[in-house]
Amino acid sequence: MIPKQTVNMTDVAQRSGVSIASVSRALRGRPGVSPATRARILSAARDLSYVVSPEASHLAGGATGRVGVVVPRVDAWFYSTMLAGIAGEFDTVGVDLVLCALPDATARHRFFESLPLRRKVDAVIVVSVPLTAREHTRLDQLGLPTVFVGGDHPDGNQPWVGVDDELAAQQAVGHLLRIGHRDIAMIQAGDREGTRWATDEARIRGFHRQLGDAGLTDPNVVTVEWGIDGGARGMEILLSRPLLPTAVFCHSDEIALGALRTLRKSGVSVPQQISVIGVDDHPAADLSELTTVAQPVREQGRIAAQQVLAQLDPEAPETAPTVTTLPTRLVIRGSTAPPR
């Protein structure tokens with residue numbers, strides 16, 4: 001038997017074959033763990049003579065009244081709107097939001113190595129942050145209830161809220177195909193640090209799958225940095241090529257807005273010469289008459305907050321972690337039309 005003083009939650013997790021977060025929930029009697037898994041964890045804890053420290057138990061039990069929210073950035077409509085949805089739910093019950101922004105690989109490395117949220121919050125919401133296997137492990141080591149929003153689905157041990165980004169891309173490209181376009185280009189988002197973003201990968205898959213189903217191969221693709229300036233540059237590249245596409249699918253509305261800016265400056269009429277479509281339904285999309293695939297961003301934040309609060313409520317019924325996929329919808333405006 002491992003000596004009592006050396007046993008920690010990681011040992012119990014390894015013996016049980018589950019995550020540290022599951023061990024934490026089971027030992028504290030929180031929801032999100034099946035009866036069979038809970039029994040296995042409790043048995044392993046007994047076998048290892050593991051004892052939860054009173055201080056750790058008190059801190060994990062919701063004493064701080066704070067929930068950490070981890071986002072890649074705050075200076076973008078998607079994340080600020082998500083935060084508004086989360087904060088709105090927290091305000092109704094008096095829970096404080098502790099914001100952690102991780103804009104680059106250096107910030108992510110520093111955060112996951114130091115885990116500054118330890119003993120400062122009762123739970124964590126992770127919004128579309130690209131995580132490595134080690135970062136997932138380090139997050140588990142917080143031993144706190146965690147909800148993921150967007151990006152990769154977790155391994156089933158934590159709740160997830162988001163949209164089907166592959167389907168969103170298929171909806172966008174499908175609209176272009178239905179109105180007669182066959183020469184459809186894509187301006188996709190890339191990362192200068194080579195970071196893998198699950199949302200971008202899903203939208204790339206959706207684009208190619210929808211074209212492949214229509215018998216179209218080898219499309220015109222440009223990779224740019226995310227944002228309006230990236231979209232403007234992407235459209236400049238497309239315009240410099242010998243053959244112009246009749247339509248362009250953009251990974252986000254910000255990229256599409258940049259593409260529209262370049263087309264306007266170049267004297268290319270939209271949608272008469274080139275149709276443009278985006279994803280997200282940014283507030284500026286309506287002002288720019290941009291056809292897009294809308295996703296309910298604020299609603300995702302609201303549901304994520306509700307799921308965290310349910311995990312922190314000792315009187316809430318126990319439920320298994322859920323995957324909540326909200327619908328996206330095509331919003332047709334003036335930037336798309338049949339090709340001439």
Quiz prompt | Counted charge near residue 75, where neighbours are those whose Cβ lies closer than 15 Å (Asp, Glu -1; Lys, Arg +1) | solution = -3
Quiz prompt | Mean-position separation - Cα centroids, the stretch 283-299 and the stretch 89-168, in angstrom | solution = 26 Å
Practice problem: Work out the FRET efficiency for residue 264 and residue 115 from their Cβ-Cβ distance, taking R0 = 41 Å, and round it to the nearest 0.05. | Solution: 0.30
Practice problem: Find how much the distance from residue 333 to residue 153 grows on full extension, using 0.36 nm per residue of separation minus their present alpha carbon separation; answer in nm with one decimal. | Solution: 61.6 nm
Quiz item: Using 7 Å Cα-to-Cβ label points, what is the residue 320/residue 34 separation (nm, one decimal)?
Solution: 0.6 nm
Quiz prompt | Distance (nanometres) between label positions extended 7 Å along Cα→Cβ at residue 289 and residue 98 | solution = 5.0 nm
Quiz item: Using the count of nearby Cβ atoms within 10 Å as a rough guide to exposure, how do 216, 260, 27 rank from fewest to most?
Solution: 216, 27, 260
Practice problem: Calculate how steeply helix 105-114 sits against the longest principal axis of the alpha-carbon atoms of the chain, using the helix alpha-carbon long axis, and give the answer as 0 to 90 degrees to the nearest 10. | Solution: 10 degrees
Quiz item: Computed over the Cα atoms, what is the radius of gyration of the chain divided by 2.2 N^0.38 Å, N being its residue count?
Solution: 1.14
Exercise. Treat each spin label as a single point 7 Å out from the Cα along the C-beta direction, and report the residue 220 to residue 8 distance in nm.
Key: 5.6 nm
Quiz item: Rounded, prolate or oblate: which fits the stretch 165-295, taking a ≥ b ≥ c as square roots of the Cα gyration tensor eigenvalues, rounded meaning a/c under 1.5, else prolate when a/b beats b/c?
Solution: rounded
Exercise. With runs of 4+ DSSP H residues as the only contributors, calculate the mean residue ellipticity of the chain at 222 nm using -39,500 (n - 2.57) per run, divided by the residue total and rounded to the nearest 500.
Key: -13500 deg cm²/dmol
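Every read-out reported here was derived from the displayed coordinates using simple, explicitly stated rules and does not represent laboratory data. Computed from a predicted model, the values in this text were never measured in an experiment. Counting neighbours? That spans all protein chains shown, and the Cβs are built from the backbone with ideal geometry, glycine included.
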